[in-house]
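Read the structure below first, then the notes.
The values are calculated or read from the model by the stated rules, or taken from the named source; none is laboratory data. If you're wondering where the values come from, they're calculated on a predicted model, not measured in any experiment. Because the Cβ atoms are built from the backbone with ideal geometry, glycine has one as well, and the counts that use them run over all protein chains shown. Surface accessibility is based on the protein's heavy atoms, side chains included, excluding ligands, DNA and RNA. Shrake-Rupley method; radii C 1.70, N 1.55, O 1.52, S 1.80 Å.
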Amino acid sequence: MRMINHFINGKDVAGTSGRFGDVFNPNTGEVQARVGLATAEEVDAAVQVAANAFPAWAAMNPQRRARVMFNFKVLIEQHMDELAEMLSLEHGKVIADSKGDIQRGLEVIEFACGIPHLQKGEYTEGAGPGIDVFSMRQPLGVVAGISPFNFPAMIPMWMFGVAIACGNTFILKPSERDPSVPVRLAELFLEAGGPEGVLNVVHGDKVAVDAILDHPEIRAVSFVGSSDIANYVYERGAANGKRVQAMGGAKNHGIVLPDADLDQVVRDVIGAAYGSAGERCMALPVVVPVGDKTADRLLERLMPEVLKLKVGTSTDPDAQYGPVVTAMHRDRIKSYIQMGVDEGAEVLLDGRDFSLQGYENGFFVGPSLFDHVKPGMQSYRDEIFGPVLQLVRAQTLDEAIDLPSKHQYGNGVAIFTSNGNAAREFVQRVNVGMVGINVPIPVPVAYHSFGGWKRSAFGDTNQYGMEGVRFYTKVKTVTQRWPVGDVGDQSFIIPTMR
């Protein structure tokens, strides 16, 4: 049985806890590896390594740190196929989706290559008689990231790319469900010229998470996962005096106005709702047609395309999506489909009985589609995180805006229309953090930032972009005066209003 170990101080380190997690091949249902689950003492050992590496890395000039990030970028590009195959065989997403996962993380690494400019402070000459004031952005120290299973390449790079470029050292606790890609990224960072101890990977469960949240030398924690856990991470980390950005769940809506290009809508919705088997926090699992005629016209075009979706193994080049990550998650998705049936939604397609010939033990779920879903249904209120699309009919734009605005989650939302005024009004009024106009998955590019509202995010700082630079640095402001002549005759007087 293949063992996946921690990566600490530039070395493969076997765990000592005697506790392990199973890593499955979602295509076959078989256990393909075991991953060691860290104790609090093992987390502490990694933190001490990172703390020892911090002074030299922080003191390195930002241009040299940027060169390491440039080298890292090149190595990721060179190893793209290897990383994508590794990712697909543990997560289950098809190779094309895996490459997209890696590419979107790589874009943040590219952004971090500009750290000499990004980390510059501010300067005011002549703030008072002979007085200048300037500020600088300095790294925090040892920081940590706790990343989810659904994007095992992208989200770790969102976190450690900016943090390390700013001069911090990093402890990454990836999902124990698909941990191989994060370890490989750490190996490539070392090969790129990153010093030992700057990027460390520690595997684990709640024991490791709590150790990170409680450790006095960890200054900041970035988290992505479910909202309940995000709330827990935020509260416990903040109670221990840490900066915390904790991104939670989502239930993103796609509003379809009568004047929308329905052919475009169908193409976009198919990819956004069913791509990566729906295991995306920026998936589009809810479509809101405005008007019954719009809903009927949309379904007339949508149903044939959903029926044509090809579900296959993660390495099948013709498959549009593959299995979900574990049997437990597959069963959870199926329970929500049954919940929708019990709540009275109209089932147009039920994917629970899907089975792939030759892979009957794989974690597959066929595409499911519901119509006449109501806002009071729990299957609408909760995040399903699977290949399930729900239609909630609205009669007016106001009603359509209210649905995502009043929902507990506020991660992303999209509107499909050719009416610029309607789109402008929607953007201004909707109570959601990221908005797409004729864009189904509005994940911001790397030089902006990612972050939802309400129970989709806890903390006041978004991921990556300049928000990330601010999160992983602290501002030091200096007021300086250089006396001229006899120092004894030049007392400093605080300026006052007269």
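Taken along the Cα-to-beta-carbon direction at a fixed 7 Å, the label points for LYS476 and MET3 span 4.3 nm.
Computed with a 1.4 Å probe over protein heavy atoms only, the accessible area of ARG104 comes to about 80 Å². Electrostatic tally near PHE111: other residues with Cβ closer than 12 Å to its Cβ, Lys and Arg +1, Asp and Glu -1, net -1. Using the 1.4 Å probe convention, the accessible area of region 38-150 works out to 42 Å² per residue with neighbouring protein chains retained.
Going through the cross-link list LYS374/LYS454; LYS206/LYS308; LYS251/LYS308, which pairs have a Cα-Cα distance over 30 Å in this structure? Among LYS374/LYS454; LYS206/LYS308; LYS251/LYS308, the Cα-Cα distance tops 30 Å for LYS206/LYS308.
Each of HIS117 and ALA14 was given a label point 7 Å from its Cα along the Cα-to-Cβ line. The distance between the two points is 4.9 nm. When only Cα pairs below 8 angstrom with a gap of at least 6 residues are kept, region 193-344 shows a relative contact order of 15 percent.
Packing, taken as the mean count of other beta carbons within 10 Å per residue, orders the peptides 71-84, 410-423, 146-159 from highest to lowest as 146-159, 410-423, 71-84. For the chain, the share of accessible area belonging to carbon and sulfur comes to 51 percent (1.4 Å probe, ligands and nucleic acids excluded). Extension gain for SER226 to LYS308 (0.36 nm times residue separation, less C-alpha to C-alpha distance): 26.4 nm. Rounded to 0.05, the FRET efficiency of the ASN419 and GLU360 pair, given R0 = 51 Å and the Cβ-Cβ distance, is 0.60.
Scanning the chain for long hydrophobic helices, with DSSP H runs required to stretch 20 angstrom or more by C-alpha along their axis and to average at least -0.5 on the Kyte-Doolittle scale, returns 40-59, 62-78, 95-112, 292-307. Averaging Cα coordinates gives a centre for region 95-143 and one for region 428-486; these two points are 11 Å apart.
Proximity of backbone amide H atoms, modeled 1.01 Å from N, is registered between ASN9 and GLY197 at under 5 Å, excluding neighbours fewer than 5 places apart on the same chain. PHE70 to THR315: FRET efficiency via 1/(1 + (r/R0)^6), r the Cβ-Cβ distance, R0 35 Å, to the nearest 0.05? Rounded to the nearest 0.05, the efficiency is 0.65.
Paramagnetic label reach from ASP22 (point 7 Å along Cα→Cβ; backbone nitrogen cut-off under 15 Å): within region 311-335, residues 325-331.
The Cα center of region 2-30 and the Cα center of region 257-333 differ in position by 33 Å.
Between ASP259 and ASP353, the distance separating the two model label sites (each 7 Å from Cα on the Cα→Cβ line) works out to 4.5 nm. Net length available on complete extension from ASP205 to VAL427 is 76.0 nm, with 0.36 nm assigned per residue and the Cα-Cα distance removed. Remark: the ASP296-GLU399 segment gains 35.3 nm on full extension, using 0.36 nm per residue and subtracting the alpha carbon distance.
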